[in-house]
Structures are given as structure tokens and as C-alpha cells.
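See structure below.
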Amino acid sequence: MNSVGEGCTELKREYDQCFNRWFAEKFLKGDRSTDPCSELFLKYHTCVQKAIKEKDIPIEGVEFMGPSREKPDS
């Protein structure tokens, strides 16, 4: 799946590959000590935020989660 911004698609693919590798090789085997993909996620997140602004996509009231944010209580 492509990203919201054309310029972000390659960053998304890199992050997805990193995450999937970490998830399968570390997380599922009980190793939750590191997150090797956080730098890639931040680059991708920044790119997406820029694309959203450029495309004037309304995001008011939308909550985003990232590597250091916890799921809000419902």
C-alpha cells in the first residue's frame, strides 16, 4: 500500500520491512528490549505530516499513536 504522500512511500516500505523483521525475529520470541525501527518511523511520520498539510487533509480530533505513545483509555 502506498503512503498518503508519494514522497513518503519509500520511507513507508523501509519502515514496514524493518518493523516486520523486528516483529518476527525479536518480539514474537520474547525480545522486547529494543526498537530498531523508531528512527525510520520518525522520518516516515514527519513526511506524512508534511504531506497531510500540503494536501490540506483535515485531521482535527484524530489521535495518533507512535512508538512512545500509549493507547488512550476508551
For 3, 33, give me the order by solvent-accessible area with a 1.4 Å probe, most accessible first, ignoring ligands, DNA and RNA.
33, 3
Stretched fully, the stretch from residue 29 through residue 45 gains (0.36 nm per residue minus C-alpha distance, one decimal, in nm) 3.0 nm
Expressed in square angstrom to the nearest 10, the accessible area of residue 39 with a 1.4 Å probe stands at 120 Å²
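The values are calculated or read from the model by the stated rules, or taken from the named source; none is laboratory data. These figures come from a predicted structure and were not determined experimentally. These area figures cover heavy atoms from the full protein model, side chains too; ligands, DNA and RNA do not enter into them. Shrake-Rupley method; radii C 1.70, N 1.55, O 1.52, S 1.80 Å.
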